[in-house]
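Have a look at the structure below, then the notes.
The values are calculated or read from the model by the stated rules, or taken from the named source; none is laboratory data. Please read all numbers here as calculations on a predicted model, not as lab measurements. As a convention, Cβ positions derive from the backbone with ideal geometry for all residues, glycine included, and neighbour counts pool all protein chains shown.
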């Protein structure tokens, strides 16, 4: 096993790591994602992904024996501090090839439950929703016309690695609508203007909840296309919850009914 040592902040590989962390365009053009943390990397490997380059900091207790990779780089504490994007890091950061699902390659259970997100904008909210999806063991998260890179490092961090445990499909509104109809899956759009409370819905059949953007909610496309519009009743001074919290409420109501 060959290990290259890196101690200079000007090393080309260090500069490339920084570019990959900061720029979605670089991640797409190089077909690489950046994952930090031993737990997250372990979940990625369990999902069938392979580590192209592993960077570890021995000063933080990391070593080359924990993870299998094509290339290994031992970096100084200063270099690791430059590329780390987590607080209290354990000294592991790596480059991996991303893994993508399609609607056609999804393996659904007999009675599926799905989360559909339209034009999700904030990586932190996406990560939180993926944690809910993992906790509820749902079939998949489908993201329509996203406004953020699903492999944004902040999405990976906030998902605590659940981005690798839940099948994720990125596609368009139109393709999802046709696919739902083809697979006899009912869709329920969360909307402030809905008249039906979410507790009135029977989630025991094949179902998908459709959640809108943080700023403007769902588009007219989904408000018109879904089987039913539903709402979470609000009894305080504000009229809505954070999208990740709303998603969790609806998801676990479905789980409660199904259990």
Give me the pairs: first residue in region 195-209 and within 16 Å of residue 133 (Cβ to Cβ), second residue in a loop (DSSP other than H, G, I, E, B), beta-carbon distance under 6 Å, and six or more apart or on different chains, which are they?
-> 208/185
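Could you look through region 113-122, keep only residues that are under 18 Å from residue 217 (Cβ atoms) and touching a strand residue (DSSP E or B) at 6+ places or on another chain (Cβ under 7 Å), and pick out the one that is surrounded by the fewest Cβ atoms within 10 Å (Cβ to Cβ)? Spell out how you get there, then give the answer.
Restricting attention to region 113-122, the residues satisfying the condition of being under 18 Å from residue 217 (Cβ atoms) are 115-122.
Among the residues that remain, those that are also touching a strand residue (DSSP E or B) at 6+ places or on another chain (Cβ under 7 Å) are: 115-121.
On the way: 115: 26, 116: 27, 117: 26, 118: 23, 119: 18, 120: 24, 121: 15.
It comes out as 121.
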Candidate set: region 130-149, residues that are buried (at least 23 other Cβ atoms within 10 Å of the Cβ) and without any contact (Cβ under 8 Å) to a residue 60 or more places away in the chain; chosen: the one nearest to the chain's Cα centre (by Cα) | 130
For region 191-212, which residues satisfy the criterion of being touching a helix residue (DSSP H, G or I) at 6+ places or on another chain (Cβ under 6 Å) and closer than 14 Å to residue 249 by Cβ?
-> 198, 203, 209, 211
Select, from 219, 187, the only residue that is over 24 Å from residue 135 (Cβ atoms) and in the same structural domain as residue 137 (by TED's automatic domain parsing).
-> 219
Within region 70-112, residues farther than 23 Å from residue 30 by Cβ and touching a strand residue (DSSP E or B) at 6+ places or on another chain (Cβ under 8 Å) come out as 76, 91, 103, 106, 108, 112
Name the single residue, out of those in region 216-229 being over 24 Å from the mean Cα position of the chain (by Cα) and in contact (Cβ under 8 Å) with a residue 40 or more places away in the chain, that is nearest to residue 186 (Cα to Cα).
-> 227
Report, by residue number, each residue of region 156-166 that is in contact (Cβ under 8 Å) with a residue 60 or more places away in the chain and either within 9 Å of the chain's Cα centre (by Cα) or assigned to a loop (DSSP other than H, G, I, E, B) (or both).
-> 156, 160, 161, 162, 164, 165
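For every residue, the table says whether it meets (1) at pLDDT 95 or above; (2) assigned to a helix (DSSP H, G or I); (3) in contact with a strand residue (DSSP E or B) (Cβ under 6 Å, 6 or more places away or on another chain); (4) over 20 Å from residue 254 (Cα atoms).
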residue	(1), (2), (3), (4)
124	no, yes, no, yes
131	yes, yes, no, no
134	yes, yes, no, no
142	yes, no, yes, no
147	no, no, no, yes
154	no, yes, no, yes
170	yes, no, yes, yes
175	yes, yes, no, yes
Filtered residue count, region 213-241, keeping only those that are in contact with a helix residue (DSSP H, G or I) (Cβ under 7 Å, 6 or more places away or on another chain) and part of a loop (DSSP other than H, G, I, E, B) = 2
May I ask you to verify whether residue 89 is closer than 25 Å to residue 150 by Cα, at pLDDT below 95 and over 17 Å from the mean Cα position of the chain (by Cα)?
-> yes
List the strands (runs of 3 or more DSSP E) that sit entirely inside region 1-91 and contain at least 1 residues that are without any contact (Cβ under 8 Å) to a residue 60 or more places away in the chain and within 24 Å of residue 162 (Cα to Cα).
-> 51-56, 69-75
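Among the candidates 228, 243, single out the residue that is closer than 21 Å to residue 121 by Cα, surrounded by 14 or more Cβ atoms within 10 Å (Cβ to Cβ) and assigned by TED's automatic domain parsing to the domain that holds residue 177. Can you show your working first?
Values: 228 fails: closer than 21 Å to residue 121 by Cα.
Result: 243 is the single residue among 228, 243 that is closer than 21 Å to residue 121 by Cα, surrounded by 14 or more Cβ atoms within 10 Å (Cβ to Cβ) and assigned by TED's automatic domain parsing to the domain that holds residue 177.
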Does region 117-129 contain any residue that is free of Cβ contacts under 8 Å to residues at least 40 places away in the same chain and under 21 Å from residue 179 (Cα atoms)?
-> no
